[in-house]
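Take a look at the structure below.
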Amino acid sequence: MNTMLRKSVLGIAGLAFTGGVFAGPIAAHAAPAPVQGTKPVAVSVQGAQSKIDLNDEQTANAKAIIAATKKAGLPERAAVISIATSLQESKLENLGHLGDKNDHDSLGLFQQRPSSGWGTPEQITNPEYSTLAFLKGLKQVDGWQDMPLTEAAQTVQVSAYPDAYAQWEQQAADIVAHNWNS
């Protein structure tokens, strides 16, 4: 069993044994207690974490991702992966065409490309549509629920920076824990 898989299995077993207390590889950053009625949704936060302050638009986009995840009938973990992906791709901003700064024809919360079959520009810049499209791809990844967030996101997104998603896992988990039942 490879080291990453063994650590994941041991981490999950440890979480079950201790009654759902957050435990992770970064002991120096104690995880906040989950919101009452929710369970921790981070499987195992990897590496240094980034965090940004969200404005009203970014918060509304995060809530739209959560609503679309619920509409798709998927668990909180899918919302965490989706929000972390959007934090990396657009900082939860619904980006239109950026001119010379644009990565090919990438648009929206997930920087999806019409030329790659994600949908029309109008669809991709609709938060519900783009989230459901991302989740459709995620559901096709065998074992996504138990794999590291960055691996699940990368399998869907095929980014030039495959490990970059990991840095947003804690903030995404916090956003989902705070908003899942609201």
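Some notes on this structure:
- Paired Rg and Dmax values of the stretch 100-150, which use every Cα atom, in angstrom: 12.2, 38
- Under 18 Å between alpha carbons - lysine pairs in the stretch 70-182 that sit 8 or more apart or on different chains: 5
- Less than 5 angstrom separates the built amide H of Gln112 from those of Leu107, all sequence-distant by 5 or more or on a different chain.
- Relative contact order for the stretch 58-182, counting Cα pairs under 8 Å that sit 6 or more residues apart, in percent: 29
- Total formal charge among the other residues, if their Cβ is under 14 angstrom from that of Ala172, Lys/Arg +1 and Asp/Glu -1: 0
- The mean sequence distance of close C-alpha pairs (under 8 Å, at least 6 residues apart), as a share of the length of the stretch 122-165, puts its relative contact order at 28 percent.
- Quotient of Cα Rg and 2.2 N^0.38 Å for the stretch 45-182, N being how many residues it contains: 0.94
Bear in mind these aren't lab numbers, they're just calculated from the coordinates by the rules spelled out. Worth saying up front: this structure is predicted, and the values here are computed from it rather than measured. Neighbour counts run over all protein chains shown; Cβ positions are idealised from the backbone, glycine included.
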